[in-house]
1. What is the one condition in (1) among the hydroxyl-bearing types (Ser, Thr, Tyr); (2) modelled with pLDDT of 90 or more; (3) over 30 Å from residue 293 (Cα atoms) that residue 81 does not satisfy?
2. Checking residue 70 against (1) farther than 28 Å from residue 201 by Cβ; (2) touching a residue at least 24 places away in the same chain (Cβ under 8 Å); (3) surrounded by fewer than 11 Cβ atoms within 10 Å (Cβ to Cβ), which test does it fail?
3. Can you name the condition, by its number, that residue 210 falls short on among (1) more than 15 Å from residue 144 (Cβ to Cβ); (2) in contact (Cβ under 8 Å) with a residue 12 or more places away in the chain?
4. Across the stretch 49-60, what is the total count of residues that are in contact (Cβ under 8 Å) with a residue 40 or more places away in the chain and either within 27 Å of the chain's Cα centre (by Cα) or surrounded by 13 or more Cβ atoms within 10 Å (Cβ to Cβ) (or both)?
5. Out of (1) surrounded by 14 or more Cβ atoms within 10 Å (Cβ to Cβ); (2) of a type outside the set (Gly, Ala, Ser); (3) in a helix (DSSP H, G or I), what's the single condition that is false for residue 38?
6. Looking at (1) surrounded by 12 or more Cβ atoms within 10 Å (Cβ to Cβ); (2) within 33 Å of the chain's Cα centre (by Cα); (3) assigned to a helix (DSSP H, G or I), which is the only condition residue 44 fails?
7. Hey, does the stretch 84-102 have a residue that's farther than 30 Å from residue 247 by Cβ and either aromatic (Phe, Trp, Tyr) or assigned by TED's automatic domain parsing to the domain that holds residue 205 (or both)?
8. From the list 189, 122, 113, which one is acidic (Asp, Glu) and touching a His at 6+ places or on another chain (Cβ under 9 Å)?
Amino acid sequence: MNMSLSNLPWLEPLVKIVRGDNVSQNATIIIKTIGLPLAGILVFLLVWHAAASNINTSLGQFPGPADVVEQSGNLLQEHITEREKADAFYIRQEKRNAARVKVDPDYVPKIRDYTGKPTYIDQIGTSLITVLSGFFLASLIAVPLGIVIGLSANLYSAFNPIIQIFKPVSPLAWLPLVTMVVSALYVTDDPAVAKSFVTSMITVMLCCLWPTVINTAVGVASISQDLKNVSMVLRLNYITHVIKIVLPASVPMMFTGLRLSLSIAWMVLIAAEMLAQNPGLGKFVWDEFQNGSSDSLGRIMVAVITIGIIGFALDRVMLIIQRFVSWDKAATLR
């Protein structure tokens, strides 16, 4: 499928203006599409600045937009400085190894990893890897389970109470249990990934799989009788029925569940990382809170905005994917 201009509602009227078609009407559309959101953001920034200037805390004045911009620059510069240190470390190591090999040709060089602290950019990457791992694991469980439940009214009745009980459970309740289980089962002297990562990922998975299970089951259960009759007439076996009839018909509801699950996963992740000390955005916020420096509030606010922007971006990505795989194009525009 080709990407249409409807994915960018301001682009189509802009093209028409360039062509000279209904300039005033298309200009109005662009103003409503771009101008009104920008005006809303401007009002928000003004209110934020005014409120921040009147709030004093034990760490100083509450950070305003200017402070967030300043701390964003500082965090970016710290990342660049840390990468420069890492590059210099590996260059020095290569020179030492080369000199050692020159003296002793039988020497096998040892490459040691740079052990500097993770930067803010590194922590964003860690959080994205953790949340996507937990989300994909949840999807692998939730989609097949939702299909099986949706195809059987008896199974739906049997599983529905369990789903409704576990759906509202907070990650703060799951985390101690997950931590104990991971500590008991994930025992190795040389772990491929840190226990904090596994704990955070499983906690995210347990909290975010329920919307996908519910929406997939509802989507499967609401398949029209005409499609079921077609399957019966063609005498499709169970697997073929699921692939040819069930999946295509239930994709819109399934993606609604996946979008909800991903947004929940991203919210749950921050709390999980705070307590599990997984080196992501949650740990960054907790460390800055514990640090208590004059820059801490501004840095925490940078993290808050970063979390919101990434959450919005993840949702848009899910919409784009849905547009490619779903027959219900209108659903992606809401």
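1. Unmet for residue 81, out of (1) among the hydroxyl-bearing types (Ser, Thr, Tyr); (2) modelled with pLDDT of 90 or more; (3) over 30 Å from residue 293 (Cα atoms): (3).
2. The failed condition is (3).
3. (1)
4. Residues in the stretch 49-60 being in contact (Cβ under 8 Å) with a residue 40 or more places away in the chain and either within 27 Å of the chain's Cα centre (by Cα) or surrounded by 13 or more Cβ atoms within 10 Å (Cβ to Cβ) (or both): 2 in total.
5. (1)
6. Of everything listed in (1) surrounded by 12 or more Cβ atoms within 10 Å (Cβ to Cβ); (2) within 33 Å of the chain's Cα centre (by Cα); (3) assigned to a helix (DSSP H, G or I), residue 44 misses just condition (1).
7. Yes: one or more hits.
8. Going through 189, 122, 113 in turn, just one is acidic (Asp, Glu) and touching a His at 6+ places or on another chain (Cβ under 9 Å): 122.
The values are calculated or read from the model by the stated rules, or taken from the named source; none is laboratory data. Values in this document were obtained by computation on a predicted structure and should not be read as measured data. When we count neighbours, we look across all protein chains shown, and the Cβ atoms used for this are built from the backbone with ideal geometry, even at glycine.
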